[in-house]
1. May I ask you to list the residues in the range 308-337 that are surrounded by fewer than 18 Cβ atoms within 10 Å (Cβ to Cβ) and assigned to a loop (DSSP other than H, G, I, E, B)?
2. Please verify whether the range 254-269 includes one or more residues that are under 14 Å from residue 215 (Cα atoms) and in contact with a helix residue (DSSP H, G or I) (Cβ under 8 Å, 6 or more places away or on another chain).
3. Go through the range 131-143 and count every residue that is surrounded by 16 or more Cβ atoms within 10 Å (Cβ to Cβ) and either in contact with a helix residue (DSSP H, G or I) (Cβ under 9 Å, 6 or more places away or on another chain) or assigned to a loop (DSSP other than H, G, I, E, B) (or both).
4. Output yes when any residue across the range 194-202 is touching a residue at least 60 places away in the same chain (Cβ under 8 Å), in contact with a strand residue (DSSP E or B) (Cβ under 8 Å, 6 or more places away or on another chain) and closer than 20 Å to residue 96 by Cα, and no when none is.
5. Please verify whether residue 230 is surrounded by fewer than 22 Cβ atoms within 10 Å (Cβ to Cβ) and either modelled with pLDDT of 95 or more or not in a strand (DSSP E or B) (or both), treating the condition exactly as stated.
6. Restricted to the range 308-325, and to residues that are free of Cβ contacts under 8 Å to residues at least 60 places away in the same chain and closer than 16 Å to residue 220 by Cβ, which residue is nearest to the chain's Cα centre (by Cα)?
7. Look through the range 207-227, keep the residues that are within 12 Å of the chain's Cα centre (by Cα) and not in a loop (DSSP other than H, G, I, E, B), and return whichever of them is farthest from residue 158 (Cα to Cα).
8. Is it the case that some residue within the range 316-323 is modelled with pLDDT of 95 or more and at positive phi?
């Protein structure tokens, strides 16, 4: 009788577990490669990080120091980026952010963010590069000696509606740097395209636009100029913030929905869930978020509610980009933390009705 009772308890437990699993899947939102509007465009990318588009050609930075390019109907091409200081692919570092200049069609130039080593120290730098026939070449230095480390390098580059260049930096595994206004680590930086400090920055002669950030990896503006940023929390409590000039976003003094004097709490935080949000984009009046550990493309209303999953069948997602009323995203399963298959990593298009 005891064995029968134990068996019944086991069966009931398994049924309840299955029910809970089904409930989590339903709440998760779901999505699959055959979902209407989702098309895999190209595969075999190597640890891709950032998507840029010009005249139907996609340029995708890869952490090992290459830029892959692809045009519909063509094959994937990959060329190296030659820099004055060697690109170091260490931990989360390497060739990260990429941003084509507004005049790219004429000058073939772009901004790039990469990790490098000098002596025993790890740093990051922003440079201007130019596309040649067989490679990309460094043209000039925009900003150097941004503190770096094996992890928490930030790395996103975006041009604001006013033409200024924004750069996200991580705390370089030194939490105190995020609160230090004399350090470039753990910040959102704002500069002129030539690397000079804008006169209207919140702190005189300083690149710092906002501070108290742990590892921000996404930036996006709405049509009316509101600036959103994504940020990795400590294991969980990842954040979506609305950035304001000169404000303190709290790391490491507060996390998640905690409050502190003169500190900004996030528009949205993931609580006990982990998204590890990276690139973000505003698309059809929602915020679209590339989630790494969250292994999905997710959405959030611009007011910070109604989180949903667009698709969660591609593994880790690093970046999202809007072009011609479609959303494009890249997977990031070959970065050492995912479970890649023979076609990873991929560029995928999402074109909802």
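1. Within the range 308-337, 313, 324, 325, 336, 337 qualify.
2. Checked against the condition, which is being under 14 Å from residue 215 (Cα atoms) and in contact with a helix residue (DSSP H, G or I) (Cβ under 8 Å, 6 or more places away or on another chain), the range 254-269 yields no hits at all.
3. 1
4. Taking the range 194-202 first, the residues touching a residue at least 60 places away in the same chain (Cβ under 8 Å) are 195.
Subset that is in contact with a strand residue (DSSP E or B) (Cβ under 8 Å, 6 or more places away or on another chain): 195.
From the residues that got through so far, the ones that are closer than 20 Å to residue 96 by Cα too are 195.
Yes, there is a match, as at least one residue in the range 194-202 is touching a residue at least 60 places away in the same chain (Cβ under 8 Å), in contact with a strand residue (DSSP E or B) (Cβ under 8 Å, 6 or more places away or on another chain) and closer than 20 Å to residue 96 by Cα.
5. Values: surrounded by fewer than 22 Cβ atoms within 10 Å (Cβ to Cβ): no; either modelled with pLDDT of 95 or more or not in a strand (DSSP E or B) (or both): yes.
Considered against the rule, which asks whether it is surrounded by fewer than 22 Cβ atoms within 10 Å (Cβ to Cβ) and either modelled with pLDDT of 95 or more or not in a strand (DSSP E or B) (or both), residue 230 comes out as no.
6. From the range 308-325, those free of Cβ contacts under 8 Å to residues at least 60 places away in the same chain are 315-317, 322, 324-325; that's our starting set.
Still in the list and also closer than 16 Å to residue 220 by Cβ: 317, 322.
Numbers: 317: 9, 322: 14 Å.
Ranking the qualifying residues of the range 308-325, first place goes to 317.
7. Looking only at the range 207-227, we keep the residues that are within 12 Å of the chain's Cα centre (by Cα), and these are 215-220.
Keeping just the survivors that are not in a loop (DSSP other than H, G, I, E, B) gives 216-220.
Values: 216: 13, 217: 11, 218: 9, 219: 7, 220: 8 Å.
Step by step, filter the range 207-227, then rank; the result is 216.
8. Start the filter on the range 316-323 by keeping residues that are modelled with pLDDT of 95 or more, which leaves 316-323.
Still in the running and at positive phi: none.
No, the range 316-323 contains no residue that is modelled with pLDDT of 95 or more and at positive phi.
The values are calculated or read from the model by the stated rules, or taken from the named source; none is laboratory data. Remember, predicted model here, so these are calculated numbers, not experimental data. Don't worry about glycine lacking a Cβ; one is built from the backbone with ideal geometry, like all the others, and counts go over all protein chains shown.
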